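For reference, the structure is listed below as structure tokens.
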Amino acid sequence: MAAAVLLAALSPPVQSLARLPREMRLLLGEEERFSLLGLPLTAVVRSDREGVLRINDAEATGGRWTVNLGRPVAVQPVSPGRCRLDLTLFGILPLRRLAVEVVPRLEVVPGGHSIGILVRTRGVAVVGHAPVEVAGGQVRYPAREAGVRVGDVILKVDGAEVKSTQHVTFLVNRCAREGRRVPLEISRGGVIHHVEVEPLLSEHDRIYQIGLYVRDGAAGVGTLTFYDPRSSVFMALGHIIADAATDQPLEVDDGCVVRATVVRVRAGRRGDPGEKEGTFVEDRDVLGRITANTRFGLVGVVTDPQALEGGETVPVALAREVVVGPAEILTVVEGTKVERFRVEITRVDTAQTTPAPKGITLRITDPSLLESTGGIVQGMSGSPILQNGKLIGAVTHVFVNDPTRGYGVFAEWMVREADLLAWPAGQEADPWPVAAQAAFLSVDW
């Protein structure tokens, strides 16, 4: 009896049913066909919501369809929305339950432009403890003694929201001149803490200090991934920006992206990922305003649409549409010219049905790109990946020991993160752990 059950479970018809996903995303207007058991048996498909799907070109009758499991079942998305399908043999024995989401086909303009990224953080980040030399040659670390840690974000000093490192210095010295300890409001892992630090007069520069190295922003060169001409929303980088000193994501208060010029590329080699060297001017050629630093890249609004006009829109592929095989990336290796280069998609994480990084593994195959850069280099993060005329993802990471290979994030996760496509229920609250974000970004942005 046990052997018979095992054989039945391993039979091709049952295996084909088991391979049917429990969650499915379908594109509006594009039919999907599925082979189920492959046996001439009758099954009933019930939906908990009408008007989202048609099956075998028919409307549901009383919320149900009768299908022949010996033939492929055609599913036609009718309108955006979500529904649940229950598949039962003869309408009695449960076979499979599927959550189905119907989404519209989104089209965006792929980027590839080199951009200068300027962000100002919310508060200032603690990146180190600084020694304060006081009278008698004694060295003290007053902030550390008060419990302030590297990675903390100072939001307020003496009740005032801090805007820069200079502002912190001013507020610390104001408290010291009034003979008071310095009250700090800090954010640590999203939890607010309050501490008071004793300001000490530095014998070195004769100002009061609390013994901290702090940072109020970041700047670098990256790549624009896409923008949506209807909403003017753009995304870049493909990964979150973290502070290199603390490995903590930056809490962006405001920022902008500007046009950058690539002046030189330091080619990558084994153990050294290489780098694009770019120049930009902070207050010139501003392309857009940054609104969020997310797990799948920077989100913002284009403020100079004319600078990005002329590009043709392409459809955004769902993660399940990406396949192993030839593809292209768009990026800049000299000046401001966006060029196309051949790559090979070597692996697709087909099990990645929920948002996560590293969904795509790729290899640079274009001889001209290999000659000029050695492969993927820092500053290439965000370069759009195109396959079969669709935007499938963005380059995010390079293999340190093989710069010809790297990772990409699915474009579907990026457009959902930018609120251009709604997340399936529950997925928007599935955060990528901070440690993973920092580790993923540590080599390249």
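Straight-line reach from LYS358: which lysines have a Cα under 25 Å away, not including same-chain ones fewer than 8 places off? Candidates past the 8-residue exclusion: LYS276, LYS390. Just to verify a number: FRET efficiency for GLU133 and VAL195, C-beta to C-beta distance, R0 = 35 Å, to 0.05? The calculated FRET efficiency here is 0.95. Remark: spin-label model distance VAL263-VAL301 equals 3.3 nm, labels positioned 7 Å along the Cα→Cβ axis. Per residue of the chain, the DSSP helices (runs of n ≥ 4 H) give a summed -39500 (n - 2.57) that works out to -3500 deg cm²/dmol at 222 nm.
What the Cα convex hull of the chain gives, in volume per residue, is 200 Å³. Counted residue by residue at 0.36 nm each, then reduced by the alpha carbon distance between them, the extension gain from ARG46 to ASN68 reaches 6.5 nm. Is the stretch 193-330 best put as rounded, prolate or oblate by its Cα gyration tensor, with a ≥ b ≥ c the root eigenvalues, rounded for a/c under 1.5, and otherwise prolate when a/b is larger than b/c, oblate when not? Verdict is prolate for the stretch 193-330. For the peptides 154-164, 228-238, 334-344, the ranking by packing is 228-238, 154-164, 334-344, with the highest mean count of neighbouring Cβ atoms within 10 Å listed first. Shape verdict for the stretch 143-270, please, from the Cα gyration tensor: rounded (a/c under 1.5), prolate (a/b greater than b/c) or oblate. Since a/c reaches 1.5 and a/b is larger than b/c, the shape of the stretch 143-270 is classed as prolate. Here the stretch 131-210 is assigned +1 on the Cβ of each Lys and Arg and -1 on the Cβ of each Asp and Glu. Its dipole about the Cα centre then comes out at about 100 debye. Between ASP57 and ARG105, the FRET efficiency estimated from the beta carbon spacing at R0 = 22 angstrom works out to 0.60. Each of the peptides 175-182, 253-260, 115-122 was scored by the mean count of other Cβ atoms within 10 Å over its residues; in descending order, highest first, they stand as 115-122, 253-260, 175-182.
For a straight C-alpha distance cut-off of 29 angstrom, no lysines are reachable from LYS156 once same-chain residues fewer than eight places away are disregarded.
With each label modelled as a point 7 angstrom along the Cα→C-beta vector, the PHE34-SER231 pair spans 2.8 nm. Apply the a/c threshold of 1.5 to the C-alpha gyration tensor of the stretch 131-210 and tell me whether it is rounded, prolate or oblate. It is prolate, given that a/c is not under 1.5 and a/b is the larger ratio.
Distance between the pseudo-spin-label points of GLU334 and ASN401 (7 Å out from Cα toward the beta carbon): 3.4 nm.
With the highest mean first, a sort of the peptides 399-405, 387-393 on other beta-carbon atoms found within 10 angstrom per residue produces 387-393, 399-405.
One chain, two ends: GLU277 and THR365. Fully extended at 0.36 nm per residue, the span grows by 29.4 nm beyond their Cα-Cα distance.
Read the figures in this text as sums done on the coordinates, not as results from a lab. Note that the structure is a prediction, hence the values are computed from the model and not measured. A quick note on method: Cβ atoms are made from the backbone with ideal geometry, for glycine too, and the neighbour counts reach across all protein chains shown.
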